[in-house]
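Only one structure is covered here, and it is reproduced in the block below.
The values are calculated or read from the model by the stated rules, or taken from the named source; none is laboratory data. Just so it is clear, the structure is predicted and the values come from calculations on it, not from any experiment. Positions of Cβ are backbone-derived with ideal geometry, glycine not excepted, and every protein chain shown enters the neighbour counts.
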Amino acid sequence: MDHPLIDLIDARIRKAQADGAFDNLPGAGKPLPPRDDPQNAVFDRILKANGAVPEPVSLMRELSRLRAQLANTADRSGRRRILQDLSLLQARLEIARKCP
């Protein structure tokens, strides 16, 4: 079943075409840019615009941060906690790398 407003939408698009609203648009007559995954192109663009990164990248950044924290921590209990966190993150990274 079509959307109840489909006829109204189509009519407005036809009117805009007749009025020339779609003439001289940027990129008109040029092919669309190549995409590795055209089905997820919009989703990928939204993620990129909001600074999202793949899970392995975020885990590697967190590992780097923890290693720097470990280098600057002299407290034994603090170092033990950081080492535990590092171990868990490294395991998560390995899992993330194996799962596509």
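Determine whether R35 is modelled with pLDDT under 85 and touching a helix residue (DSSP H, G or I) at 6+ places or on another chain (Cβ under 6 Å).
In short, yes.
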Taking first residues from the range 42-56 that are closer than 20 Å to K98 by Cα and second residues anywhere that are of a type in the set (D, E, K, R) and surrounded by 10 or more Cβ atoms within 10 Å (Cβ to Cβ), the pairs with Cβ under 9 Å that are 6 or more apart or on different chains are V53/R61; E55/R92; P56/R97
